[in-house]
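Q: Supplied in structure tokens, the structure appears directly below.
The values are calculated or read from the model by the stated rules, or taken from the named source; none is laboratory data. Just so it is clear, the structure is predicted and the values come from calculations on it, not from any experiment. When we count neighbours, we look across all protein chains shown, and the Cβ atoms used for this are built from the backbone with ideal geometry, even at glycine.
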Amino acid sequence: MDMLLLPLMVYAACGLGLSLIVHIPSFFGIALGGNTLFTALHLGIFPLWIPVVLIGRKMAGGGQRRNDFWKAALSGCPVWMKYMTYFFFVYAILNFLWFIAHAPKGQHQGDDMIAHGFSGHWMAFYAAGLAILTTAHRYGLSNLQRTCPFGHDVSWTDKFCPTCGASVAAQNPV
């Protein structure tokens, strides 16, 4: 299964690159790729995020919701990739607000405006997918789920098992 991570990482990197290629010209009123590229980038997030969500659930401790999920999910990727992911999420929010403020009201938006609005979100999701997959690749899929000495699932940042309270030694799978 670890072999599937590299093609998924390439897939995420290509999605991120193509999103940038669509986004930057949209500032100048140019919509690249037409409906085909738009649809491919838009729907392309879903095949990527199915394994990303499954990997993320494994990292988070058996599907339990953790406040520190992103800390664990980005712990194995390079620092620049972590900051790139944070940047694209903040940028997606700001870009969405810009899109809302500048979209013509009550009329059909141009293809460039629609591409601009959606591509900010594409960049965030493809960047996050790439970062999470990079962490999984670095640690190995079999090392993503930590357990306490008694076999209960724990999150990467837990110091004590939430089930039995046993101390969990600090582990780094690499």
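Q: Across the stretch 151-170, what is the number of residues that are part of a loop (DSSP other than H, G, I, E, B), modelled with pLDDT of 75 or more and either over 28 Å from the mean Cα position of the chain (by Cα) or not charged (D, E, K, R) (or both)?
A: 9
Q: Taking the stretch 10-29, which residues are of a type outside the set (Gly, Ala, Ser) and on the phi > 0 side of the Ramachandran plot?
A: Of everything in the stretch 10-29, nothing turns out to be of a type outside the set (Gly, Ala, Ser) and on the phi > 0 side of the Ramachandran plot.
Q: Please determine, by comparing only the residues of the stretch 69-81 that are assigned to a helix (DSSP H, G or I) and buried (at least 20 other Cβ atoms within 10 Å of the Cβ), which one is modelled with the lowest pLDDT.
A: 72
Q: On the basis of being within 28 Å of residue 43 (Cβ to Cβ) and at pLDDT 80 or above, does residue 127 make the cut?
A: Judged against the criteria, residue 127 is a match.
Q: A follow-up question, please. Given the condition more than 23 Å from residue 33 (Cβ to Cβ), touching a helix residue (DSSP H, G or I) at 6+ places or on another chain (Cβ under 9 Å) and either surrounded by fewer than 21 Cβ atoms within 10 Å (Cβ to Cβ) or at pLDDT 75 or above (or both), answer yes or no: does some residue in the stretch 97-116 qualify?
A: yes
Q: Here's a follow-up. Please verify whether the stretch 2-9 includes one or more residues that are surrounded by fewer than 17 Cβ atoms within 10 Å (Cβ to Cβ), at pLDDT below 95, part of a helix (DSSP H, G or I) and on the phi > 0 side of the Ramachandran plot.
A: The answer is no, given that none of the residues of the stretch 2-9 is surrounded by fewer than 17 Cβ atoms within 10 Å (Cβ to Cβ), at pLDDT below 95, part of a helix (DSSP H, G or I) and on the phi > 0 side of the Ramachandran plot.
Q: What number of residues within the stretch 10-62 are assigned to a loop (DSSP other than H, G, I, E, B) and surrounded by 12 or more Cβ atoms within 10 Å (Cβ to Cβ)?
A: Final tally of qualifying residues: 7.
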